[in-house]
Amino acid sequence: MNALPTRLLIAPSLLAADFARLGEETVAVQQAGADWLHLDVMDGHFVPNITFGPLVVKALRRHTTMPLDVHLMIAPADPYIAAFAEAGADHISVHPEAGPHLHRTLQLIRSLGKKAGVVLNPATPIETIVNVLDLVDIIMVMTVNPGFGGQAFIASQLTKIAALRRLIDQTGRDIVLQIDGGITPATAPAVLDMGADCLIAGTAVYGAPDYAKAIAALRATRRRRGPDMADGPAG
Ligand code: DX5
Ligand code: ZN
């Protein structure tokens with residue numbers, strides 16, 4: 001069993017919010033106890049759905065002090081990264097498949113003073129990122145195929161999450177291991193047992209009648225694992 005992280009970050013995904021009220025929906029999850037706001041940018045080309053671009057990120061920036069966690073599902077990504085940085089993104093995460101030069105893309109994000117993330121699709125192996133870990137602040141594991149909210153959690157990714165936890169610990173660096181797709185109070189415990197420290201949740205938060213209760217329910221899955229786990233006090 002890996003040593004497990006003591007932090008747990010909850011990042012609601014705005015994809016499941018009411019798109020006619022994005023500002024209010026942003027404020028609501030911050031008040032409900034969210035740590036980061038996850039923003040899914042889709043281009044109808046890299047993934048079969050279209051959402052929003054830098055203008056919406058810029059508009060939301062004025063409504064929250066939460067870090068804006070931007071998940072780019074666009075190809076190419078490089079031409080738009082500066083625009084998302086200027087719009088107020090704090091973290092910019094890219095899929096390796098979105099361009100030919102992942103190292104260059106991560107350098108670009110870092111050069112703009114932002115935290116850089118890489119996203120692994122269900123079929124994407126860990127080996128894709130081992131040679132760029134020195135440029136990575138966030139590793140996101142997709143537990144659905146990207147493009148839509150409300151899909152079923154793909155449990156085969158649990159072994160990948162555990163292997164990434166070991167890899168991150170070997171680096172000795174503070175890399176956040178976040179999980180995206182199908183996260184609910186039912187699927188979160190296994191994900192946390194494998195060593196994840198950030199849960200992205202769209203439907204499980206914005207689809208719930210009470211956002212604070214929904215976020216608390218996700219946090220509580222960590223506590224339910226019991227005092228015998230080697231990860232210190234719950235929090
Ligand atoms: C899917 C997005 C996810 C999505 C998750 O491509 O990356 O962030 O919002 O939605 P749920 O939590 O409903 O699976
Ligand atoms: Zn996402």
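No lab work stands behind these numbers, since they all come straight from the coordinates. This structure is a prediction, so every number in the text was calculated from the model and none was measured. Cβ: placed from backbone, ideal geometry, glycine included. Neighbour counts: every protein chain shown.
At a glance:
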read-out: The range 75-86 - residue that is away from ligand 2 (no atom under 15 Å from the Cβ) and either of a type in the set (S, T, N, Q) or in a helix (DSSP H, G or I) (or both) and, of those, surrounded by the fewest Cβ atoms within 10 Å (Cβ to Cβ); value: P79
read-out: Odd one out for D174, checked against (1) of a type outside the set (F, W, Y); (2) within 15 Å of ligand 1 (Cβ to nearest atom); (3) assigned to a loop (DSSP other than H, G, I, E, B); (4) under 22 Å from H91 (Cα atoms); value: (2)
read-out: Condition check for L112: in contact with an Asp or Glu (Cβ under 9 Å, 6 or more places away or on another chain), aliphatic (A, V, I, L, M), away from ligand 1 (no atom under 16 Å from the Cβ) and within 26 Å of A87 (Cβ to Cβ); value: yes
read-out: Members of the range 34-55 found to be buried (at least 16 other Cβ atoms within 10 Å of the Cβ), more than 16 Å from the chain's Cα centre (by Cα) and either under 18 Å from I200 (Cβ atoms) or within 11 Å of ligand 1 (Cβ to nearest atom) (or both), listed by number; value: F46, V47, T51, F52
read-out: So G149, is it buried (at least 19 other Cβ atoms within 10 Å of the Cβ) and either more than 23 Å from K213 (Cβ to Cβ) or within 15 Å of ligand 2 (Cβ to nearest atom) (or both); value: yes
read-out: Criterion violated by H103 - all others in (1) under 22 Å from D174 (Cβ atoms); (2) touching a helix residue (DSSP H, G or I) at 6+ places or on another chain (Cβ under 9 Å); (3) buried (at least 19 other Cβ atoms within 10 Å of the Cβ) satisfied; value: (3)
read-out: Residue within the range 11-33 that is away from ligand 1 (no atom under 16 Å from the Cβ), within 28 Å of Q107 (Cβ to Cβ) and crowded, with 16+ Cβ neighbours inside 10 Å present; value: no
read-out: Within the range 124-143, tally of residues that are farther than 27 Å from T6 by Cβ and surrounded by 14 or more Cβ atoms within 10 Å (Cβ to Cβ); value: 2
